[in-house]
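Only one structure is covered here, and it is reproduced in the block below.
What follows is calculated from the coordinates using simple rules that are stated; it is not laboratory data. Please read these numbers as outputs of a predicted model, since none were measured by experiment. Cβ sites come from the backbone with ideal geometry, for glycine too, and all protein chains shown count toward neighbours.
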Amino acid sequence: MPTSGTMISLRRLTRCLEVDAMSETPSIRVECGMSVREAEAHARAAGLVLRSPTMFDRVSVGGALATGSHGADLESGCFSDSILSATLVTADGSVLEVSGGEELDALRVGLGALGILYAVRLRCQRAFAVFSEERWLDLEPTLEELPALARSVRFAQLWYFPFVDRIGFKGMYTLDAPIPTRSRGARAARWLRDQAAVIGGTTVMPALVRAAPRLLPSVIRSGGAIAVTPGARVSSAWHEFHFHQGYMRCWDMSFSLPLDGAPRALRRVVTYAERARGDGEFPVNMAVYARFTGASCGFLAANHGRESCFVEVVSARGTPRVEHHFARIADELLELPGARMHWGKHIPDAGSLRSRYPTLPRFQAVRARLDPRGVFLNRHLEREVLGL
Ligand SMILES: Cc1cc2nc3c(=O)[nH]c(=O)nc-3n(C[C@H](O)[C@H](O)[C@H](O)COP(=O)(O)OP(=O)(O)OC[C@H]3O[C@@H](n4cnc5c(N)ncnc54)[C@H](O)[C@@H]3O)c2cc1C
C-alpha cells in the first residue's frame, strides 16, 4: 500500500520451512518474502500445487496474500484463502501464531495493516492434470450466458479485445490422468508468444496510442489473435495456472463483481471503449480480462462472501488521459451492486471504498487489538480504506 513512512523488505526471507505432502490436508509452510514461483516449485517437488495462485508468479507470497490477489478457480476464493496458519510479527515486536477465528480472516487480506506476516502455512492440493482449451466465442451470446458458462468450468477466464465482436475463452477441466511433461517445442512456442506480447505492449502500443491512435483497432485485433490461439491440450495444472509469463509495464485496474453482475460490468466497459472511440480516444487499448473465483473468507477480500468475476482493464503506458478514463470507468463499475476494487492493482480516486466491505468493522476490531497505536497504518489506509 502507498506509504510516506517506513517500508520493511522481506526480500531475504525466502525459506521453505516445511512441506507436508502426506496428511489429508497437504500444505507447505514458507517465509513470506518468497516468490509465488518458488513456493509453487516447493509444492511441485512434493507432488502438490497451490490453490488460486496469481497468474504472474514473480510476486512475493506476502504481497499476493496481503492484497487479496487470486487466480481463476471457482472452488477457491483468493490465494490467501489457502492460509491454514500464519506467523505474525505484531506492532510491539511479539510473535503471534494465528490459526483460525476472526484474526485469521482479517489476516487473509491484511493490507499490511496488522503486522508483518513472517511465514504462512498454505493448504495445497495434490498435483493434477488438466484438459485446457482456448477458443473464440461470439461476444453477445457469451455475455448473456456468462454466469452459467463460468459455473460450468472450474477454471475459466475470458479476454475481450476492444472493437472485436468475439471474446477469447480459456477453460480448464481437471483430468484423472498422468501429468504430462511439457515438450521443448511447446515451451518455445509459449515463450515466443509471450515475447511478442511484451514487445508489442512495451514498444508498439505506447508509440501508437500517442502517434497513430486510429490504427489501434486493427493492432488490437492482431494482438487478440496472438493472445488467444484456439486449440486444446492436456497439461499440468501448475503450467496452466501460470500459462502467461510475458508482462510489460501497463495501466491495470481490477474490480470484483458478484458473478451474476459480470455481464453488466463487461458490457459497461465495452460500451465505454466504443463511446471513447467515437470521440477519437482509445483509453482501453490492450485487453479486458475476466476471471472467476469462489467466495473468500477474508474480511477485506474483494470477493468476500460471494462467487465473483474479476474484471480487469489493461491499457498501454502513455495512453493519453488514461487516469481520467480509468477514474470514469471505475465510477461506472463501482455503481454496480456489490462492486469492489482489487487492492493490488491501480486504485483510481473513486470515492469512499470502505462502504463496500461489509465486514470492515470486524477487520477494524482485529486491527485495533493487534496494533492499538496504529504503527502499521499510513495516510492512505487511514483515510481511504479504514476511514479513521
Ligand atoms: C505483472 C503483475 C501481474 C499480476 N498478476 C496478478 C494476478 O494474476 N492476480 C492477482 O490477483 N493479482 C495480480 N497482480 C497483483 C499483485 O499480486 C499484487 O500487486 C501484489 O501485491 C504484488 O506483490 P509484491 O510482492 O510486489 O507486493 P508488495 O508491493 O511487496 O506488497 C504489497 C503490499 O502488501 C503488503 N505486504 C507485502 N508483504 C507483506 C508481509 N509479509 N506482511 C504484511 N504485509 C505485507 C504491504 O502492505 C505491501 O505494501 C499482478 C501484479 C503484477 C505487477
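Assorted remarks:
- With the highest mean first, a sort of the peptides 132-142, 300-310 on other beta-carbon atoms found within 10 angstrom per residue produces 300-310, 132-142.
- Approximate spin-label separation Arg373-Asp138, in nm, with each point projected 7 Å along Cα-to-Cβ: 6.5 nm
- Theoretical FRET efficiency, 1/(1+(r/R0)^6), r = Cβ-Cβ of Thr181 and Glu18, R0 22 Å, to 0.05: 0.25
- Extension gain for the segment Thr174 to Asp331, taken as residue separation times 0.36 nm less the Cα-Cα distance, is 52.8 nm to one decimal.
- Net length gained if the chain between Glu75 and Leu215 were fully extended (0.36 nm per residue, minus Cα distance): 46.3 nm
- Relative contact order (%) - criterion: Cα under 8 Å, at least six apart; region: segment 289-357: 27 percent
- Inter-centroid distance (Cα atoms) of segment 258-278 relative to segment 32-57, Å: 33 Å
- Descending Cα extents along the principal axes, the chain, whole Å: 58, 51, 37
- Arg321/Gln195 FRET efficiency (R0 35 Å; Cβ-Cβ; nearest 0.05): 0.75
- Taking label points 7 Å from Cα along the Cα-to-Cβ direction, Arg233 and Glu382 give a separation of 5.2 nm.
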